[in-house]
Structure formats: C-alpha cells, structure tokens
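J.: Sharing a structure, written as structure tokens. Questions coming.
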Amino acid sequence: MFENLQDRLGSILNGLTGRGALSEADVSAALREVRRALLEADVALDVVRSFTDRVREKAVGAEILKSIKPGQMVVKIVHDELIEMLGGEGVGIDLHTPAPVVVMMVGLQGSGKTTTSAKIAHRLSTREKKKVLMASLDTRRPAAQEQLRQLGAQASIDTLPVIAGQSPTDIAARAVQAAKLGGHDVVILDTAGRTHIDEPLMVEMADIKKRSNPHEILLVADSLTGQDAVNLARNFDERVGITGLVLTRMDGDGRGGAALSMRAVTGKPIKLIGVGEKMSELEEFHPRRIADRILGMGDIVSLVERAAENIDAEKAAAMAAKIAKGKFDLDDLADQLRQMQKMGGMGGIMGMMPGMAGMKDKMAAAGLDDKLFGRQIAIIQSMTKAERANPDLLKHSRKKRIAAGSGTDAAAINKLLKMHRQMADMMKMMGGKGKGGMMKQMMGGLAGKMGLGGLGGMGGGMPDLSNIDPKQLEALQKQAEAAGLGKPGGGMPGLGGLPGGLPGLGGAKLPGLGGGFPGLPGLPKKK
C-alpha cells in the first residue's frame, strides 16, 4: 500500500541524513518534496499543509540546526508528526460495556462489510474468547444474508436465523434480544450499503441505531478509494455518528492517502485494517508501526506478533530437539518454507525488517519471489519418505523422476539440495556439539538478562513473543552478532530457539522468528 510513498520519503530523508549540517533552505527544500510526495499519495491537501507546517516549525529551530546529527533529527520529527497524523496511539474495539456489546457495521456497497464483520467476529472469538452472534440486516442485496451465514459456518460463529419479510430495524431488535437470551458477549450487525450515499440509507441507519443502541459504529471503507473515502467518513459521521474506522484492502497497490487522511480529517480512530482475503488477515491499526513502515524503519513488533500467531509450539519444540542433535532433513526445510508463507512470504517479511525494504527489488530481480517457495515445496513433496530423510540417495535417475513429478528441472532440484546442505551445516554448528554450546550459552545468558526463561534451552518452549519489547529484540540481535552469528552464512538465532538466516544477502541477516528463516543462496553480494 505505502511502497511508492516509502520510496519517495526514503530518498528525500536519506538526502538530509547524509549531510553534516543543515540550513533553513535545506529543510525547506526537503519539505517541499515531502509535501509533493504526500499529495501524490492522495493525502488531503489540508492534512498535508498542517503536517508540513508542524514539521517546519520544529525543524528550523536552533536545536536542530546545531545538533550533532541534524538530518537524523529531521527524520525523527517527520516520524513523530506522521504518528500524530495517523492518530498517536492505536485504539481497539471497545468491549467495556454490559453484554451483549452491539457493534454496528456501516459503509457503502462493495467496501467489504460482510467479510469484515466475519473477520471481526473470528478475531473476537479466537483472541478474546468472546461468544459472538452475527446478524445480516441487508434485505436488498441478493444472498447477502446467506453469505454471512456461510462465513459464520466457516469460522464457527453463530448467525441469526433468517425470517423472510422482516425489516432491517426488526432484524436488529431481534438480534439484540437473541444475543441476550443466548448468552452472547457481542452482537455484530451487518447493515445494508448503497453504491453511493443517499437519504433513505441514512434514515435506515439512524432507525437501526435507535432500535439497537450500538456501543460501536464502525465505518468500513475501501482504502483504494482515496479521497472519496474521507468524504464518505465525514458524511456518515455527521448523520449516524461513527466511533471508528475499518480500512479494507490495505494489501492492495493503492497510494495510501485514505489511511493517512481519515484520522486527521474525521478525528475518528482507524481501529482495524484488512490485509488479505483470509479470515485471519485483519490487524489492529498501530500508528507508530505504520509510520515505521512508511519511513523504511521496519516493523519488528508486528513481525514478532505474526510469528507468535503462526508458529505451532509443539512443532517448534520437536524441531528444536532435532536441531539440538544436529539433524535437519528435507521435511524440516518444507516446514520452514510453509511457515514463511504463513507469515506473509518474503515480501511481507522483508517489508517489516528494518532497512530491508529495498531488498525486495533485488530479490525479485534474482527470481526469488514467493512462487519459488511453492515450487520448492512441490519438489520436496515429489520425493519419497526415504529421500526426504536422506538427500544423499538422490542420484540422476531419481532427480529425473522428481523433476517430472514437480514440473521443474534438475537445476531447480540441485539448487534446493544446495540450500538444504547450507542450512543443515548451519544447524549442526548451532545445535550440535562443540560450537553448539556457544549458542545455548548465549541464548541462556541473554534469556536470563531479558527475563525470557523460554529462550534458555533449545526445547524450553515458546516465549510469549507478543510481549517482547523492541529494545529487547535489538539487544538480542546485537548479542548474536557479538557471538559471530551475524557473519555471512551464520544467520541469526530463532527467537523460539530455532536458527535461521538468509545467506547470500551480502551480510544482512534476518532474525528467525520462532521457526527461523530458510537460507536463500543466490542473491548478489554487496560490493
């Protein structure tokens, strides 16, 4: 979503940080470029104007111009103001009211209200352990009520039985009553939309609000609509009164103007963002993390949280035990590849790693995209159980059979085997005897300092990664580098006790979060 803006702002601010001293003219020239970049990203003009005015006010002060690293100070000011523009602190769905908490979903047709309703219900039931009831109030769109029922069945969420001929307001009243009788904690009302805002829609929304008395009214808006989404939010807020926003299709290639403008224009917090089609692909909106991503600073905390959600603790412990014995076969490699796919693939992971956003283009040029993982998994699945356990069996005739079965060629199989050998050697070094003790001591000692008991032993269980402070992650990375694990081919230790890394990226290493990242040889080294 923010890639173009990230590239533009990154090049502008890099130009400032490279200088020893800054004059007012330098700052003004940079801010002109920042203003142009934000306007091109479809951010509202008044929002851009107030943003650049606030940055200029702080950036031309004596403290900045006389500071040791004025360029970095300007970057910090831009970063802080970006967070402020996005809303300061993240705000989640408020459930602090007597049950059942009524959440009313509003928005235009096609913005993704029904799917988002199901995603929110799934999130509340799995994370908050709430009992949720969903009700479709859309009596106009064909099969709208059936769509919500099917989504409910898919996510194991209760849905209100459909009674033909009922009006939306009657369905809303019946849903609240059913939630009270059924002991539900939350009731989500999926209202009807229109292709554009009209008077009958607003009257209907007001009537539903009166009958159901919702605690939260969430406006679902498509982030690809740009400035029109801001006008939409303003209209709904004036007529119905919204408490928050949910932006869908944040994984698209839009310019991000809606996300950057809506909080500043409406004063309403963006509570959630849809980042994919799957039921689990709904994230809380954290202004600080989004600002970090836009300025190319990465988003380690979200990456750690994503790892914590996707890692199977039992599998991680089993693999840790194997690695402790210096074993790592092709089945283990396939598990690592699948885990990376679950965490958003290489593109998603790279975008969250500090300073690694620019690596995505190099990887794409080298042919290392997410499709590569699918091909590698297909190769492994085309092998017999014995071949996966002992790759040395793979002679020419066997490779020919595997290539035919996976739709690849012998060269692709040889690359995969080379990657596996590199990883297996690294695993032996980290998990076996001799140097393996170094890793255990380092992890154990660091775990003691950080209060993370689960990191001490290889099979010691998964720590709660979502509670790890970014400063602790930084400390972990520095400690690993000091132990010599940040060298080419070394890799960073996995936070769940499983090593990983990306050899061949010119010395840049990624921490293996939970399961570790597989090595990807073949990228050009930095000269």
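The values are calculated or read from the model by the stated rules, or taken from the named source; none is laboratory data. Only a predicted model underlies this, so the values are computations on that prediction, with no experimental measurement involved. Reconstructed Cβ throughout: ideal geometry from the backbone, glycine too, with neighbour counts over all protein chains shown. In case anyone asks, the SASA skips ligands and DNA or RNA and just uses the protein heavy atoms, side chains included. Shrake-Rupley method; radii C 1.70, N 1.55, O 1.52, S 1.80 Å.
J.: Out of all the residues in segment 205-213, is one or more acidic (Asp, Glu) and within 28 Å of SER156 (Cα to Cα)?
T.: No, that holds for no residue.
J.: Here is a follow-up. Need the failing condition index for MET279 against (1) over 20 Å from GLU128 (Cβ atoms); (2) open to solvent by 20 Å² or more (accessible area, probe 1.4 Å), just the number.
T.: Going through (1) over 20 Å from GLU128 (Cβ atoms); (2) open to solvent by 20 Å² or more (accessible area, probe 1.4 Å) one by one, MET279 breaks only (1).
J.: Right, next: Applying the selection to segment 375-393, what residues are closer than 11 Å to THR408 by Cα and among the hydrophobic types (A, V, I, L, M, F, W, C)?
T.: ALA378, ILE379
J.: Which one of LEU201, LEU181 is of a type outside the set (S, T, N, Q) and open to solvent by 20 Å² or more (accessible area, probe 1.4 Å)?
T.: Result of the check over LEU201, LEU181: LEU181.
J.: I need every pair where a residue in segment 102-130 that is under 16 Å from GLU146 (Cα atoms) has its Cβ under 8 Å from the Cβ of a residue that is open to solvent by less than 50 Å² (accessible area, probe 1.4 Å) and polar (S, T, N, Q), sequence separation at least 6 or different chains.
T.: Cβ pairs passing all conditions: GLY112/THR248; LYS113/THR191; THR114/SER136; THR115/THR248; THR116/THR248.
Rundown of residues vs (1) of a type outside the set (Val, Ile, Thr); (2) open to solvent by less than 50 Å² (accessible area, probe 1.4 Å), yes/no style:
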residue: ILE83; (1), (2): no, yes
residue: MET104; (1), (2): yes, yes
residue: GLY110; (1), (2): yes, no
residue: ALA118; (1), (2): yes, yes
residue: ALA135; (1), (2): yes, yes
residue: ASP138; (1), (2): yes, yes
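J.: In segment 260-280, what count of residues is obtained for those that are under 15 Å from the mean Cα position of the chain (by Cα) and hydrophobic (A, V, I, L, M, F, W, C)?
T.: Number satisfying all stated conditions: 4.
J.: Of all residues being of a type in the set (A, V, I, L, M, F, W, C) and modelled with pLDDT under 50 in segment 421-449, which is surrounded by the most Cβ atoms within 10 Å (Cβ to Cβ)? Just the residue, please. Can you show your working first?
T.: Narrowing segment 421-449 to residues of a type in the set (A, V, I, L, M, F, W, C): 423-424, 426-427, 429-430, 438-439, 442-443, 446-447.
Right, trim to modelled with pLDDT under 50 and you get 438-439, 442-443, 446-447.
Details: MET438: 14, MET439: 22, MET442: 20, MET443: 26, LEU446: 20, ALA447: 19.
The extreme case among them is MET443.
J.: Also, quick follow-up: Counting only residues that are among the hydrophobic types (A, V, I, L, M, F, W, C) and in contact with a helix residue (DSSP H, G or I) (Cβ under 6 Å, 6 or more places away or on another chain), which one in segment 184-198 is most open to solvent (accessible area, probe 1.4 Å)?
T.: Let us first name the residues in segment 184-198 that are among the hydrophobic types (A, V, I, L, M, F, W, C), namely 186-189, 192, 197.
When the remaining residues are screened for being in contact with a helix residue (DSSP H, G or I) (Cβ under 6 Å, 6 or more places away or on another chain), the result is 186-189, 197.
Values: VAL186: 1, VAL187: 0, ILE188: 1, LEU189: 0, ILE197: 57 Å².
The qualifying residue most open to solvent (accessible area, probe 1.4 Å) is ILE197.
J.: Ok, one more. Only residues that are in contact with a helix residue (DSSP H, G or I) (Cβ under 9 Å, 6 or more places away or on another chain), basic (Lys, Arg) and within 22 Å of MET104 (Cα to Cα): list them for segment 224-277, please.
T.: ARG234, ARG239, ARG249, ARG263, LYS268
J.: How about segment 370-420: which of its residues are open to solvent by 70 Å² or more (accessible area, probe 1.4 Å) and among the basic types (Lys, Arg)?
T.: LYS371, ARG375, LYS385, LYS395, ARG398, LYS400, ARG401, LYS415, LYS418
J.: Of all residues in segment 354-388, count the ones that are at pLDDT 90 or above and hydrophobic (A, V, I, L, M, F, W, C).
T.: Residues that pass the stated criteria total 6.
J.: Also: If we keep just the residues of segment 23-56 that are under 17 Å from ALA264 (Cβ atoms) and free of Cβ contacts under 8 Å to residues at least 24 places away in the same chain, which is surrounded by the most Cβ atoms within 10 Å (Cβ to Cβ)?
T.: The extreme case among them is VAL48.
J.: Okay, next question. Counting only residues that are modelled with pLDDT of 75 or more, give me the helices (runs of 4 or more DSSP H) lying completely in segment 284-339 with at least 2 of them.
T.: Output list reads 287-294, 313-324.
J.: Within segment 219-248, which residues are among the aliphatic types (A, V, I, L, M) and open to solvent by 10 Å² or more (accessible area, probe 1.4 Å)?
T.: Scanning segment 219-248 gives LEU224, LEU232.
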